[in-house]
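The values are calculated or read from the model by the stated rules, or taken from the named source; none is laboratory data. None of the values given here were measured: they were computed from a predicted structure. Cβ sites come from the backbone with ideal geometry, for glycine too, and all protein chains shown count toward neighbours.
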Amino acid sequence: MTLARRQAGADRRRALVAAEQSLLRSLAVARRQRAKLSELRTVLSLVTLWRRGGNRPMVELLLRETYEWFTEGLDTPDLRAARAALGTLTARRSHAANGREDRPRAAPTGAGG
C-alpha cells in the first residue's frame, strides 16, 4: 500500500470520527431540548454513518426507540425514511441470523471414526 493510500485512509477515518462526534453532540442537544424531529433526523444520519460498521444492533435500537415515539405524521418524509431504514436493518439482521443457522457445522475432530 502506498503512503498516499494510507494517508487517504487515515484522513477518511478521522473524518468519520469527526462526523460521528458531531452527530452525537447533535443528538444530545436534540434530546436535551426534547426536539424529537431533530433527534430523528440526527439518528437517521447516524444510521447512514454506522450502517457499514459493526454497530447494527445499536443503530437499530436507537432508530426504533426514536421512531416509536411518534404517533402522528407517520406519512411525513422523515418518518417514512425512518420506517424504510428500520425495514432494511431488520431484514439484514434476520438474513444474517438465517445465514448463521444455515451454515453446516464442522465435523468433530479427535478420536473416533
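For the reader, a short list of remarks on this structure follows.
Let's see how each residue does on (1) part of a helix (DSSP H, G or I); (2) modelled with pLDDT of 95 or more; (3) more than 17 Å from the chain's Cα centre (by Cα):
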position	(1), (2), (3)
Leu79	yes, yes, no
Arg100	yes, no, yes
Pro104	no, no, yes
Ala111	no, no, yes
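Yes/no matrix, rows are residues, columns are (1) among the acidic types (Asp, Glu); (2) at pLDDT 95 or above; (3) surrounded by 16 or more Cβ atoms within 10 Å (Cβ to Cβ); (4) part of a helix (DSSP H, G or I):
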| residue | (1), (2), (3), (4) |
| --- | --- |
| Ala8 | no, no, no, yes |
| Arg25 | no, yes, no, yes |
| Leu37 | no, yes, no, yes |
| Leu40 | no, yes, yes, yes |
| Pro57 | no, no, no, yes |
| Ala84 | no, yes, no, yes |
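- Positions within segment 27-60 being without any contact (Cβ under 8 Å) to a residue 12 or more places away in the chain and over 9 Å from the mean Cα position of the chain (by Cα), in sequence order: Ala28, Val29, Arg31, Arg32, Gln33, Arg34, Ala35
- Odd one out for Val47 among (1) more than 24 Å from Arg92 (Cα to Cα); (2) part of a helix (DSSP H, G or I): (1)
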